[in-house]
Amino acid sequence: MTAWLKLLPSWLWWLLALVLVAGAQQYRVMDAKGELSDARAEWSEAARQAEARARSEEQRRQVAIEGIRRDAQEKIAAVAADAAAADDAASRLRARVAELSRRPASCPGVADGGEATDTARDLLAVMLGRLDEAAGGVAEFADRSRAAGLTCQVSYEAVRGN
């Protein structure tokens, strides 16, 4: 049986070896293409899942920030309303102090204090009015700053996921 194999020319052996090697290489290429296709499918699925997680996290953060923004606006509106009420009360107080400073003292046992008493009373009324205005401005600034700071802190914690 091996005798006829010896009769084959050497170039035919080389051709047969080349065909076998090419066939094996073709099989390896097809196998590598299949593996590459599988890997691409896995990567695509992993990328899709990662994108879905990122979108979900982004939506969670946006909802949290929107809620915090609404709360902050409500707090700022409440602070502004409180400041307006305080300013109104301060205006009424200043008007009352001014009214009292224009009236002479009505105590029965006290003699009229004269010009010096009127000047001191007027100065006191003016100073009280200015102090009240300044205190109102400082209080409003402090309330707004506190509301802004709390909003910032809550926003940061919401974005961090705490």
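Here are some notes:
- Search result, residues across the stretch 143-162 that are without any contact (Cβ under 8 Å) to a residue 40 or more places away in the chain and open to solvent by 50 Å² or more (accessible area, probe 1.4 Å): Ser145, Arg146, Cys152, Gln153, Tyr156, Glu157, Arg160, Asn162
- Answer residue from the stretch 63-100, given it is β-branched (Val, Ile, Thr) and touching a residue at least 60 places away in the same chain (Cβ under 8 Å) and is farthest from Glu140 (Cα to Cα) among those: Ile65
- Only one of Ala139, Ala116, Ala125 that is surrounded by 14 or more Cβ atoms within 10 Å (Cβ to Cβ) and either modelled with pLDDT under 80 or in contact with a Phe, Trp or Tyr (Cβ under 7 Å, 6 or more places away or on another chain) (or both): Ala125
The values are calculated or read from the model by the stated rules, or taken from the named source; none is laboratory data. Everything numeric in this text was worked out from a predicted model, so none of it was measured. When we count neighbours, we look across all protein chains shown, and the Cβ atoms used for this are built from the backbone with ideal geometry, even at glycine. When the accessible area is computed, the model is the full protein with side chains, heavy atoms only, and any ligands, DNA or RNA have been set aside. Shrake-Rupley method; radii C 1.70, N 1.55, O 1.52, S 1.80 Å.
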